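Taking it in order: structure first as structure tokens, then the write-up.
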Amino acid sequence: MRSTLYLLMLVCLGGCAGPMTQYYVLNTISPDNINAAAQSSQQKPAAQARIQTPDVHGLEGQQIADQQIAVQQIAIRQLEIPRYLDRPRIVSRDADNHLRISEYHQWGGRLRDDLIRTLSDNLAERLPSITVHTAPFPGSMHADISLVIDIRQFELLADGRMHLKVRWHVQRSGQKAGKHALSYFDHMIGENRVSEKDYAGMAAAMSKILALLSEKIVSVIMHLPDVETK
């Protein structure tokens with residue numbers, strides 16, 4: 001009788017335990033695995049920022065090579081995300097702009113830190129001769145290029161696609177704040193649809209979009225025009 005009761009208690013405990021929490025992280029994606037045509041993006045300069053469009057086609061090969069040598073260190077000075085995303089639980093959005101916050105599917109760490117790590121690693125892989133720094137910065141560090149990134153939206157929407165809206169700025173050292181800075185606003189949309197319950201798919205879609213953003217940032221850095229430092 002006691003053994004039967006003990007067995008029933010075990011069955012009850014097993015059935016009442018509920019689902020286990022699953023944890024996710026973002027991952028870096030190498031340039032070889034990125035197909036830029038797999039994403040739809042809309043890019044335009046920030047309306048209130050001074051824009052200097054780099055003349056990519058006007059740069060000679062030697063000029064580009066010289067510039068690559070000149071840039072040795074990049075600093076991701078700042079990366080911000082909306083408060084509603086800055087939580088352990090994964091967030092998505094429905095057609096009525098209601099947020100869906102998952103109880104049992106969470107980030108393995110702080111999302112903002114994971115975004116910085118992934119972006120930094122993506123940039124470092126694409127610019128192997130350049131050191132990419134993130135905070136906290138060493139006291140002796142002098143960055144040739146500073147990046148400021150403001151993520152305004154980064155979640156799965158009702159259309160089943162991952163959306164990233166981001167404003168980002170690139171500035172060379174020796175420039176006055178805002179002078180000759182390159183500022184962009186991107187709305188990047190994942191090509192593949194993801195189920196609202198496919199949280200691994202959401203993390204994968206976010207990782208791919210971050211890799212594409214890294215490609216854009218690298219393209220701007222590689223073709224920065226000469227800037228006035230006076």
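The values are calculated or read from the model by the stated rules, or taken from the named source; none is laboratory data. Quick caveat, the model's predicted, so the values are computed rather than measured. As a convention, Cβ positions derive from the backbone with ideal geometry for all residues, glycine included, and neighbour counts pool all protein chains shown.
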Q: Considering (1) assigned to a loop (DSSP other than H, G, I, E, B); (2) closer than 19 Å to L79 by Cβ, say which one H142 fails and leave the rest.
A: (2)
Q.
What are the pairs with Cβ atoms under 8 angstrom where one residue, in the range 100-114, is more than 18 Å from T134 (Cβ to Cβ) and the other, located anywhere, is in a helix (DSSP H, G or I) and of a type outside the set (D, E)? Sequence gap at least six, or different chains.
A. S102/Y199; H105/Y199
Q) When only residues in the range 78-118 that are of a type in the set (S, T, Y) and more than 30 Å from H169 (Cβ to Cβ) count, which is surrounded by the most Cβ atoms within 10 Å (Cβ to Cβ)? A) S102
Q: Select from the range 9-27 the residues that are farther than 15 Å from D198 by Cα and either small (G, A, S) or modelled with pLDDT of 90 or more (or both) and write down the one among them that is nearest to the chain's Cα centre (by Cα).
A: N27
